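S.K.: Have a look at the structure that comes next, please.
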Amino acid sequence: MSGQSPKTALVTGANRGMGRDIARQLAEKGVRVLLSGRDRDAVTEAAAALRSTGLDVEPLVLDITSTDSIAAAVAHVEAEYGRLDILVNNAGIRIEEYGKQPSEQPLHQWRETFDTNLFGVVETTIAFLPLIRKSPAGRIVNVSSLLASLATHSDPTSYAYSPMFKSLPAYSASKSALNSWTVHLAYELRGTPIKVNAVHPGYTKTDMNDGAGDLDIPEGASTGVAMALLDDDGPTGSYVHRGDVVPW
Ligand code: NAP
């Protein structure tokens, strides 16, 4: 990737879970990282912990469901850094209860899920786009899920073809919509240096899964990090997991 050094990255929902480790791994690669989250104390503590190990990490308050919070974050990044090289849209929620039928999940959970997992990402991305356009090699990474994949959900041999993973319809649909947004934005930006990609981290042992999962957090974070650091000849508009293309 071309451009001046250091690159500046913003990671949403980075006070804990995979976002925090994406921040750590990017900082270890020499990127200046804005570790963001909606709770001031949580981002301050998380950034301080990484700074204490010598990493260039700054806290930033950003609630992706708040227009005012997004505007304040954009103003801060513009004033301090003048541009944004990497935006990792990692913040997400899974609030549905396992075990219910798809038709049993209440509508308010659909709305809340889409407010964060789709509308929050779209609004944050559009707001930061002018600063990303100022980068010589902008990268936008949307942290999706295998549960976004309609091909996987429809495959009776898939682990998603199970009562457990069919009980999160709003979460799954919000990530399918995020994938669609990824493709649309990549199309709009196809003539620019900016690359927009969706990633499936893997089933990872975070709070979202109450600690269950196949991957430890650093492994789960690694796909997002790789796509954030893509070379100029890397893909755009793709959906990947650890270097492999995931079926839409
Ligand atoms: P997590 O441990 O639950 O962390 C979620 C993060 O998102 C937290 O920092 C949370 O902040 C933040 N967040 C939620 N709403 C926010 C908002 N409105 N504004 C800003 N930050 C907000 O989850 P995770 O497992 O690390 O998940 C990270 C991403 O990976 C998510 O997009 C998730 O859907 C995706 N994913 C996870 C898995 C998995 O197996 N874990 C698999 C596929 C995809 P608070 O601390 O303030 O709540």
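S.K.: Got at least one residue in the stretch 174-197 being acidic (Asp, Glu) and either within 13 Å of the ligand (Cβ to nearest atom) or open to solvent by less than 50 Å² (accessible area, probe 1.4 Å) (or both)? So that I can check it myself, show each step before the final result.
M.R.: Let us first name the residues in the stretch 174-197 that are acidic (Asp, Glu), namely 188.
Within this subset, residues satisfying the condition of being either within 13 Å of the ligand (Cβ to nearest atom) or open to solvent by less than 50 Å² (accessible area, probe 1.4 Å) (or both) are none.
Scanning the stretch 174-197 turns up no residue that is acidic (Asp, Glu) and either within 13 Å of the ligand (Cβ to nearest atom) or open to solvent by less than 50 Å² (accessible area, probe 1.4 Å) (or both).
S.K.: Mind checking which pairs have a first residue in the stretch 234-248 that is among the aliphatic types (A, V, I, L, M) and a second that is part of a loop (DSSP other than H, G, I, E, B) and modelled with pLDDT of 95 or more, Cβ under 6 Å, 6 or more apart or different chains?
M.R.: From the stretch 234-248, the pairs are Val246/Ser149; Val246/His200.
S.K.: I want to confirm something. Restricting to the stretch 5-39 and keeping residues that are charged (D, E, K, R) and within 16 Å of the ligand (Cβ to nearest atom), which single residue is surrounded by the fewest Cβ atoms within 10 Å (Cβ to Cβ)? Break it down into steps so the answer makes sense when it comes.
M.R.: Our first condition is that a residue be charged (D, E, K, R); within the stretch 5-39, this holds for 7, 16, 20-21, 24, 28-29, 32, 38-39.
Add one more test, that the residue is within 16 Å of the ligand (Cβ to nearest atom), and what stays is 16, 20-21, 24, 38-39.
Values: Arg16: 18, Arg20: 26, Asp21: 25, Arg24: 24, Arg38: 18, Asp39: 13.
This residue is Asp39.
S.K.: Looking for whichever is small (Gly, Ala, Ser), within 13 Å of Ser144 (Cβ to Cβ) and not in a helix (DSSP H, G or I) here; the options are Gly224, Gly213, Gly237, Gly191. Which one fits? Can you show your working first?
M.R.: Working: Gly224 fails: not in a helix (DSSP H, G or I); Gly213 fails: within 13 Å of Ser144 (Cβ to Cβ); Gly191 fails: within 13 Å of Ser144 (Cβ to Cβ).
Being small (Gly, Ala, Ser), within 13 Å of Ser144 (Cβ to Cβ) and not in a helix (DSSP H, G or I) holds for just one of Gly224, Gly213, Gly237, Gly191, which is Gly237.
S.K.: In addition: Would you mention how many residues in the stretch 94-117 are closer than 18 Å to Met164 by Cβ, open to solvent by 20 Å² or more (accessible area, probe 1.4 Å) and part of a loop (DSSP other than H, G, I, E, B)?
M.R.: Kept after step one, since they are closer than 18 Å to Met164 by Cβ, are these residues of the stretch 94-117: 94-105, 109, 113.
Now drop any that are not open to solvent by 20 Å² or more (accessible area, probe 1.4 Å), which leaves 94-95, 97-104, 109.
Those still in the list that are part of a loop (DSSP other than H, G, I, E, B) too: 94-95, 97-101.
Selection size over the stretch 94-117: 7.
S.K.: From the list Tyr203, Tyr159, which one is open to solvent by 40 Å² or more (accessible area, probe 1.4 Å), touching an Asp or Glu at 6+ places or on another chain (Cβ under 6 Å) and more than 24 Å from Thr125 (Cα to Cα)? Don't jump to the end; show me each part of the working.
M.R.: On the way: Tyr159 fails: touching an Asp or Glu at 6+ places or on another chain (Cβ under 6 Å).
Within the list Tyr203, Tyr159, the selection yields Tyr203.
S.K.: Please enumerate the residues belonging to the stretch 71-93 that are in a helix (DSSP H, G or I) and open to solvent by less than 40 Å² (accessible area, probe 1.4 Å). It would help to see each step written out before you state the result.
M.R.: Restricting attention to the stretch 71-93, the residues satisfying the condition of being in a helix (DSSP H, G or I) are 71-81.
Within the stretch 71-93, Ala73, Val74, Val77 meet the criteria.
S.K.: Which one of the conditions (1) loosely packed, with under 15 Cβ neighbours inside 10 Å; (2) touching a helix residue (DSSP H, G or I) at 6+ places or on another chain (Cβ under 8 Å) does Asp68 fail to meet, given that it meets all the rest?
M.R.: Status for Asp68: all satisfied but (2).
S.K.: State all residues of the stretch 224-248 that are open to solvent by less than 50 Å² (accessible area, probe 1.4 Å) and either aliphatic (A, V, I, L, M) or within 10 Å of the ligand (Cβ to nearest atom) (or both); if no residue qualifies, say none.
M.R.: Within the stretch 224-248, Gly224, Val225, Met227, Ala228, Leu229, Leu230, Val240, His241, Val246 meet the criteria.
S.K.: Report the residue count in the stretch 30-65 for those that are in a loop (DSSP other than H, G, I, E, B) and without any contact (Cβ under 8 Å) to a residue 12 or more places away in the chain.
M.R.: Quick first cut of the stretch 30-65, residues in a loop (DSSP other than H, G, I, E, B) only: 30-31, 38-39, 52-56, 62-65.
Okay, now just the ones that are also without any contact (Cβ under 8 Å) to a residue 12 or more places away in the chain, so 52-54.
Number satisfying all stated conditions: 3.
The values are calculated or read from the model by the stated rules, or taken from the named source; none is laboratory data. Source: prediction; values computed, not measured. Neighbour counts are summed over all protein chains in view; Cβ atoms, including those assigned to glycine, are modelled from backbone coordinates with ideal geometry. Side chains included, ligands, DNA and RNA excluded: accessible areas come from the protein's heavy atoms. Shrake-Rupley method; radii C 1.70, N 1.55, O 1.52, S 1.80 Å.
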